[in-house]
Amino acid sequence: MRLATNGLAALLVVTLPGVSSANDLLARAPQLEDVVTSALEEFHVPGAAVGIWTENGQWTKALGLADVAASRPVKLRDHFALRSVTKSFVVTVLLQLIAESNGSIGLDDPIGKYLSGVPNGARITLRELANMTSGLYDYSADPRFHAALGADLTREWTTDELLAFAFDDTSHSATNFEPGARYQYCNTNTLVLGKLIEVLTGATFDQVLRQRVLVPLVLPGTKYLHGARLPRPFASGYQGETDAGSPEPVVVSFSGLGFAGAMVSTLRDLGVWGPALATGSLLPPELQKQRFEAHSTSADPGSPVYDAYGLGMGQVAGWWGHTGEGLGYEAAVFHQIERNETVAILLNGSDTSDVPVRIFCRLLTVLGEAPAAGSGSVCAPGDDGVGRLKPAALAD
């Protein structure tokens with residue numbers, strides 16, 4: 001089932017010339033802004049921070065409102081929730097630990113070697129957890145979790161409490177299929193990997209993340225959270241509408257997302273993380289290369305929209321990165337390795353899924369970098385996400 005792909009993703013896209021000069025990017029700025037503004041209106045998102053970085057210049061823009069009631073506009077330095085972009089950080093830290101273990105930890109080790117209580121733990125490997133082929137049940141799909149979360153959005157959760165919704169098979173099977181049989185996006189996978197990181201290091205994930213990623217890359221606006229509030233300044237999250245027809249603010253404890261989605265960041269930091277993730281600047285080349293061994297996501301109707309998904313990162317139109325969405329926020333960061341270009345998108349609304357990918361695809365068209373029709377990419381002309389819209393989920 002493993003589909004070998006590389007950074008070029010040559011079978012999926014046609015590489016176009018792209019931005020040739022700083023003046024070229026500047027000339028397209030009005031069109032780029034129009035793309036984002038129209039998407040905010042179309043998908044009822046209050047505000048956004050968007051950036052494009054190329055070797056020939058950059059374009060960053062804050063649009064819309066960070067606080068609807070106060071009419072406060074979004075600023076470039078505002079913090080936004082990353083939701084599932086968190087997964088890309090978790091898998092990167094895991095791979096760092098593997099690289100430094102001198103062979104004592106391997107991607108193809110069963111998770112049961114390190115953690116007890118994981119269903120099929122003697123057979124599910126670390127690789128299968130990282131590339132979403134483990135077959136584990138998604139805790140965030142459990143109706144009992146939805147009921148408990150709805151009863152108190154700001155409740156503080158432990159990882160074991162969240163995993164109990166996935167592993168307790170009295171109301172559902174703890175596994176959906178045999179390990180490695182197919183791709184199915186699952187938040188439980190990253191909860192398990194985050195717990196593994198804490199067991200292997202004897203430290204909290206917050207501590208490990210700061211030491212291994214945030215400090216080396218100088219990401220001062222990026223944090224892993226447990227409570228319900230973002231660091232100031234921040235863009236408030238919105239989902240749905242009030243009776244008066246205004247965007248409905250939503251505040252939820254980041255602990256309910258845990259290792260699957262509890263991080264926040266700024267546009268500047270996300271623009272730094274994109275190339276570090278895609279190029280593997282924090283990892284040995286031989287290990288980074290394995291991140292590009294990816295599976296098509298099209299057969300999983302619950303998956304976020306990617307052309308393919310590898311080890312803790314996905315590919316769209318030949319760009320590698322990660323998306324995140326749910327309960328008030330959506331985000332995406334993608335990097336084109338060969339041209340050294342990065343796009344980061346932060347939104348403070350989540351009424352419709354995969355909005356950042358739709359914006360990303362439209363930005364590529366303006367930049368002259370859209371994949372060819374019929375290429376199979378979700379960004380191919382006329383596809384625009386190939387119709388794979390779904391209600392916004394907790395942490396996809």
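The values are calculated or read from the model by the stated rules, or taken from the named source; none is laboratory data. Given the structure is predicted, the values throughout are model-derived calculations rather than measurements. Glycine gets a Cβ as well: all are built from the backbone with ideal geometry, and neighbour counts include every protein chain shown. The accessibility values were calculated without ligands, DNA or RNA, using every heavy atom of the protein model including side chains. Shrake-Rupley method; radii C 1.70, N 1.55, O 1.52, S 1.80 Å.
Observations on the structure shown:
- V118, sole failed condition from (1) more than 23 Å from the chain's Cα centre (by Cα); (2) of a type in the set (A, V, I, L, M, F, W, C); (3) more than 16 Å from F259 (Cβ to Cβ): (3)
- Looking only at residues in the stretch 306-327 that are on the phi > 0 side of the Ramachandran plot and assigned to a loop (DSSP other than H, G, I, E, B), the one that is surrounded by the most Cβ atoms within 10 Å (Cβ to Cβ) is G318.
- Tally of residues being in a loop (DSSP other than H, G, I, E, B) and within 20 Å of T222 (Cβ to Cβ) across the stretch 176-207: 2
- Looking across the stretch 176-222, the residues that are in contact (Cβ under 8 Å) with a residue 60 or more places away in the chain, open to solvent by 20 Å² or more (accessible area, probe 1.4 Å) and in contact with a helix residue (DSSP H, G or I) (Cβ under 8 Å, 6 or more places away or on another chain) come down to G180, K195, L200, T201, R212, L217.
- Criterion: outside any helix (DSSP H, G or I), open to solvent by less than 20 Å² (accessible area, probe 1.4 Å) and either more than 20 Å from F360 (Cβ to Cβ) or at pLDDT below 95 (or both) - qualifying residue of A9, A49: A9
- Complete set of residues in the stretch 235-252 that are polar (S, T, N, Q), part of a loop (DSSP other than H, G, I, E, B) and closer than 16 Å to E330 by Cα: S236
- Candidates S173, S140 - the one that is outside any helix (DSSP H, G or I), hydroxyl-bearing (S, T, Y) and within 18 Å of G302 (Cβ to Cβ): S173
- Evaluation of W320 against (1) in contact (Cβ under 8 Å) with a residue 60 or more places away in the chain; (2) closer than 30 Å to G240 by Cβ (one fails), failing number: (2)
- Qualifying residue in the stretch 282-305 (condition: crowded, with 24+ Cβ neighbours inside 10 Å and in a helix (DSSP H, G or I)): no
- G121, sole failed condition from (1) under 28 Å from Y306 (Cα atoms); (2) out of contact with any Pro (no Cβ under 7 Å at 6 or more places or on another chain); (3) open to solvent by less than 60 Å² (accessible area, probe 1.4 Å): (2)
- Within the stretch 223-249, being touching a residue at least 40 places away in the same chain (Cβ under 8 Å) and hydrophobic (A, V, I, L, M, F, W, C) holds for A228, L230, F234, A235.
- Number of positions in the stretch 52-88 that are surrounded by fewer than 20 Cβ atoms within 10 Å (Cβ to Cβ), among the charged types (D, E, K, R) and closer than 28 Å to L282 by Cβ: 2
- Sole residue being in a helix (DSSP H, G or I) and either over 19 Å from the mean Cα position of the chain (by Cα) or more than 21 Å from I345 (Cα to Cα) (or both), chosen from R268, R232, R212: R212
- Considering V357, V333, the condition of being outside any loop (DSSP other than H, G, I, E, B), at pLDDT 95 or above, farther than 15 Å from V45 by Cβ and open to solvent by less than 50 Å² (accessible area, probe 1.4 Å) is satisfied by V333 alone.
- Of K87, K61, all but one fail to be part of a strand (DSSP E or B) and either among the charged types (D, E, K, R) or touching a Cys at 6+ places or on another chain (Cβ under 8 Å) (or both); the exception is K61.
- Some residue of the stretch 127-135 being part of a helix (DSSP H, G or I), out of contact with any helix residue (DSSP H, G or I) (no Cβ under 6 Å at 6 or more places or on another chain) and either modelled with pLDDT of 95 or more or of a type in the set (S, T, N, Q) (or both): yes
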